[in-house]
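Trainee: Take a look at this one; I'll ask things after.
The values are calculated or read from the model by the stated rules, or taken from the named source; none is laboratory data. What you see is a predicted model, and the numbers here were worked out from it, not measured in a lab. Quick reminder, even Gly has a Cβ in these numbers, built from the backbone with ideal geometry, and neighbours come from all protein chains shown.
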Number of protein chains: 2
Amino acid sequence: MPVFTAAANRPAARAALILALATLAPGAAAAPAAKPTLADVIKGSQPSDWRPLDPDNTLYLEIPAGRVVIEMAPAFAPRHVANIKALVREHYFDGLAILRAQDNWVVQWGDPDEKNPKPMTTAQRTLPGEFTVPLKGAGKFTRLPDRDGYAPQVGHSNGFASARDPKTGAAWLTHCYGTVGVGRDNASDSGGGAELYAVIGHAPRHLDRNITVVGRVVAGMPLLATLPRGTAPMGFYAKPEQNVPIASVRLAADVAPAERSNLELMRTDTATYQAAVEAQRNRGGPWNKVAAGHIELCNAPLPVRERARD
Amino acid sequence: MPVFTAAANRPAARAALILALATLAPGAAAAPAAKPTLADVIKGSQPSDWRPLDPDNTLYLEIPAGRVVIEMAPAFAPRHVANIKALVREHYFDGLAILRAQDNWVVQWGDPDEKNPKPMTTAQRTLPGEFTVPLKGAGKFTRLPDRDGYAPQVGHSNGFASARDPKTGAAWLTHCYGTVGVGRDNASDSGGGAELYAVIGHAPRHLDRNITVVGRVVAGMPLLATLPRGTAPMGFYAKPEQNVPIASVRLAADVAPAERSNLELMRTDTATYQAAVEAQRNRGGPWNKVAAGHIELCNAPLPVRERARD
């Protein structure tokens, strides 16, 4: 069947198929070396090119369809990440629900009613927005050479898609597919982490610097992206019984090691990662006819894979 | 509840809510005029700012969840559009299925088996790829001033997101959320329209100029985007019983008028459309704190609404 094999150049799961396409025919040694694909880069990577998730900054959102794994970025939203951890440790989200799913936009979960919120014991209801942070506190930045319409510089900071403006001295996490942020009302300081959203569509980069981004989904996006879309305004579910119940949200550090998701992520500050991006920027393989010569930040791959058990 | 009202600045469906936010408080007449939102622009539009769908270039893909409406672009893929119409008129797709749903990528439907395809009577199995067309045949182009990483010029042609390169004299439709294209194998001329895909994730712009784009979904994207993701390589459904059956694909012109979807689209060659884009590029309203000052092609709104019955 015509398998539309461009898709094979997406993430690591299709490695076998990509490799089949990229493999040189026997006797082809005299031909030019095939351009490496992302799968080739992953296959040739070293253990040091990967990092495990930090259990102290990893959330498990458990819904009926399964587990969504979220990596948090304390370097970009220290107060909100600490507050979300406090909420999680008081089991704040358990028994709440996903309330909203708006097509090509976001799913949103947590506290359903600002006027009659679920009581908190240790966490704070609201915090000042952490929309940007000073460059110097944002950690190591690996810049993409590709130009971006929304920010002077884009790239990755500790594995998170991010942007910077040297003129203002600000850095921020960008909104890509899977980005997780903190819902708020009109006031900048009206959110605190009791309502969170994840992007399920085309990158809404205009939200950058307007809202506190706390991390990104590293596994389980299909569980969120396939949720029925809500029919009330803004994609809220029209009836309470349509809400998607949250069994629990836990910090990985509070989960028994045997029950943790055992994932590792490609480090974004390595030569291997640069090769991975280049393999997507100018794709090889027999399917591709025209190389893009460019990669948009939110199309840069962030490979995730199962980690070998110790 | 903190409703994360940035979302209200998305398409027309949230008009009432957006207007509520944009309305000046009583007695605020002396204040600067509020920046118009997209909803304001739509509200102030004239009938001449809108166009109906052309029934001769509109497809209805009927699946169990409902109807997906696809507008085809014969100016960019004349032979493929004609061939798809031939396929539809021989009821080629009826009884076939959606075979593939890959997260943040595409859904794909149609002929399941290249080696043992469903017989065709009037249509052609394969055609030369129509990856680009000469500028002069691409119709009126309304350029966006916003820079783009993938193409020298981007904007809209007859309502379709498109790109152009004056140096090569080529124009092409771009891959955005909802774009519909023709699956193919490695050879450029290995597709014909019996397998089609729609983008359900972040814009895969690197596919531009590599594959024949025939149109875009104008209504029903949630029906495709919420389909269960396939677990076989590349998101194909692992078992035939997981396939999503297609009841029929029809050309709107072949459907009784009373049963047609009665939609109209904002014309992209009008001052009103420019205002609509600007309302998204630099958003007003009390929620937004920092204006993006830029809009990425695939974030430019393409308003669709129910048309008043004659």
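Trainee: The conditions are (1) at the interface with chain A (Cβ under 10 Å from one of its Cβ atoms); (2) more than 20 Å from B:R205 (Cα to Cα), and B:P128 fails exactly one of them. Which is it?
Mentor: Evaluating B:P128 over (1) at the interface with chain A (Cβ under 10 Å from one of its Cβ atoms); (2) more than 20 Å from B:R205 (Cα to Cα) leaves (1) as the failure.
Trainee: Please go through (1) hydrophobic (A, V, I, L, M, F, W, C); (2) surrounded by 20 or more Cβ atoms within 10 Å (Cβ to Cβ); (3) touching a helix residue (DSSP H, G or I) at 6+ places or on another chain (Cβ under 8 Å) for A:L251 and return the number of the only condition it doesn't satisfy.
Mentor: Evaluating A:L251 over (1) hydrophobic (A, V, I, L, M, F, W, C); (2) surrounded by 20 or more Cβ atoms within 10 Å (Cβ to Cβ); (3) touching a helix residue (DSSP H, G or I) at 6+ places or on another chain (Cβ under 8 Å) leaves (2) as the failure.
Trainee: Out of region A:200-224, which residues are hydrophobic (A, V, I, L, M, F, W, C) and not in a loop (DSSP other than H, G, I, E, B)? Walk me through how you get there before you give the answer.
Mentor: Going residue by residue through region A:200-224, those that are hydrophobic (A, V, I, L, M, F, W, C) are A:200, A:203, A:207, A:211, A:213-214, A:217-219, A:221, A:223-224.
Hits for region A:200-224 are A:L207, A:V213, A:V214, A:V217, A:V218, A:A219, A:M221, A:L223, A:L224.
Trainee: Read through the list (1) more than 15 Å from A:I42 (Cα to Cα); (2) at pLDDT below 95, then give the number of the only condition that A:A256 fails.
Mentor: (2)
Trainee: For region B:265-296, give me the residue count where each residue is farther than 25 Å from B:N57 by Cβ and β-branched (V, I, T).
Mentor: The total comes to 2.
Trainee: Condition test on B:V290, is it within 14 Å of another protein chain (Cβ to nearest Cβ), over 30 Å from A:K289 (Cα atoms) and surrounded by fewer than 21 Cβ atoms within 10 Å (Cβ to Cβ)? Please lay out each step first, then the result.
Mentor: On the way: within 14 Å of another protein chain (Cβ to nearest Cβ): yes; over 30 Å from A:K289 (Cα atoms): yes; surrounded by fewer than 21 Cβ atoms within 10 Å (Cβ to Cβ): yes.
Yes.
Trainee: Is region B:225-242 home to any residue that is in a helix (DSSP H, G or I), closer than 26 Å to B:W50 by Cβ and within 14 Å of chain A (Cβ to nearest Cβ)? Walk me through how you get there before you give the answer.
Mentor: So in region B:225-242, the residues in a helix (DSSP H, G or I) come out as B:225, B:233-235, B:240-242.
Those still in the list that are closer than 26 Å to B:W50 by Cβ too: B:225.
Then drop every residue that is not within 14 Å of chain A (Cβ to nearest Cβ), which leaves B:225.
The answer is yes, given that some residue of region B:225-242 is in a helix (DSSP H, G or I), closer than 26 Å to B:W50 by Cβ and within 14 Å of chain A (Cβ to nearest Cβ).
Trainee: Turning to a different aspect of this structure: Which ones in region A:176-204 are free of Cβ contacts under 8 Å to residues at least 60 places away in the same chain and within 30 Å of A:E306 (Cα to Cα)?
Mentor: A:G178, A:T179, A:G181
Trainee: Restricted to region A:155-192, and to residues that are of a type in the set (G, A, S), within 11 Å of another protein chain (Cβ to nearest Cβ) and part of a loop (DSSP other than H, G, I, E, B), which residue is surrounded by the most Cβ atoms within 10 Å (Cβ to Cβ)?
Mentor: Restricting to residues being of a type in the set (G, A, S), within 11 Å of another protein chain (Cβ to nearest Cβ) and part of a loop (DSSP other than H, G, I, E, B), the top hit is A:G183.
Trainee: Determine, yes or no, whether A:L207 is over 26 Å from B:L227 (Cβ atoms) and of a type in the set (A, V, I, L, M, F, W, C). Outline the logic, then answer.
Mentor: Details: over 26 Å from B:L227 (Cβ atoms): yes; of a type in the set (A, V, I, L, M, F, W, C): yes.
Judged against the criteria, A:L207 is a match.
Trainee: Does region B:293-310 hold any residues that are buried (at least 16 other Cβ atoms within 10 Å of the Cβ), modelled with pLDDT of 95 or more and either within 12 Å of another protein chain (Cβ to nearest Cβ) or assigned to a loop (DSSP other than H, G, I, E, B) (or both), and which are they? Walk me through how you get there before you give the answer.
Mentor: Initially, region B:293-310 is screened for residues buried (at least 16 other Cβ atoms within 10 Å of the Cβ), giving B:294-305, B:307.
Going one step further and asking which of them are modelled with pLDDT of 95 or more, we end up with B:294-305.
Matches in region B:293-310: B:H294, B:I295, B:E296, B:L297, B:C298, B:N299, B:A300, B:P301, B:L302, B:P303.
Trainee: Here's something else I'd like to know. Just checking, does region B:231-245 include any residue being surrounded by fewer than 17 Cβ atoms within 10 Å (Cβ to Cβ), closer than 30 Å to B:E62 by Cβ and touching a strand residue (DSSP E or B) at 6+ places or on another chain (Cβ under 8 Å)?
Mentor: So in region B:231-245, the residues surrounded by fewer than 17 Cβ atoms within 10 Å (Cβ to Cβ) come out as B:231-232, B:238-241, B:245.
From what's left, closer than 30 Å to B:E62 by Cβ: B:231-232, B:238-241, B:245.
Narrowing further to those that are touching a strand residue (DSSP E or B) at 6+ places or on another chain (Cβ under 8 Å): B:245.
So far as region B:231-245 goes, yes, one or more of its residues are surrounded by fewer than 17 Cβ atoms within 10 Å (Cβ to Cβ), closer than 30 Å to B:E62 by Cβ and touching a strand residue (DSSP E or B) at 6+ places or on another chain (Cβ under 8 Å).
Trainee: Then there's this: Can you give me the number of residues within region B:126-154 that are assigned to a strand (DSSP E or B) and either in the same structural domain as B:Q280 (by TED's automatic domain parsing) or surrounded by fewer than 21 Cβ atoms within 10 Å (Cβ to Cβ) (or both)?
Mentor: Within region B:126-154, residues that are assigned to a strand (DSSP E or B) and either in the same structural domain as B:Q280 (by TED's automatic domain parsing) or surrounded by fewer than 21 Cβ atoms within 10 Å (Cβ to Cβ) (or both) number 5.
Trainee: Has region B:125-135 got at least one residue that is aliphatic (A, V, I, L, M) and either over 27 Å from B:D208 (Cβ atoms) or out of contact with any strand residue (DSSP E or B) (no Cβ under 7 Å at 6 or more places or on another chain) (or both)? If you could, list the steps in order and put the result at the bottom.
Mentor: Filtering region B:125-135 for residues aliphatic (A, V, I, L, M) gives B:127, B:133, B:135.
Narrowing the set further to residues that are either over 27 Å from B:D208 (Cβ atoms) or out of contact with any strand residue (DSSP E or B) (no Cβ under 7 Å at 6 or more places or on another chain) (or both) leaves B:127.
Yes, there is a match, as at least one residue in region B:125-135 is aliphatic (A, V, I, L, M) and either over 27 Å from B:D208 (Cβ atoms) or out of contact with any strand residue (DSSP E or B) (no Cβ under 7 Å at 6 or more places or on another chain) (or both).
Trainee: I'd like the full set of residues that are more than 8 Å from every other protein chain (Cβ to nearest Cβ) and over 19 Å from B:H202 (Cα atoms), limited to region A:101-114. Walk me through how you get there before you give the answer.
Mentor: Within region A:101-114, the subset more than 8 Å from every other protein chain (Cβ to nearest Cβ) is A:101, A:107, A:109-110.
Of everything in region A:101-114, those that are more than 8 Å from every other protein chain (Cβ to nearest Cβ) and over 19 Å from B:H202 (Cα atoms) turn out to be A:W109, A:G110.
Trainee: Is at least one residue of region A:142-156 modelled with pLDDT under 95 and over 20 Å from A:N243 (Cα atoms)? Full working, then the answer.
Mentor: First, the residues of region A:142-156 that are modelled with pLDDT under 95: none.
Taking every residue of region A:142-156 in turn, none turns out to be modelled with pLDDT under 95 and over 20 Å from A:N243 (Cα atoms).
Trainee: Identify, by number, the condition in (1) small (G, A, S); (2) closer than 22 Å to A:G66 by Cα; (3) away from chain B (no Cβ under 11 Å) that A:G220 doesn't meet.
Mentor: (3)
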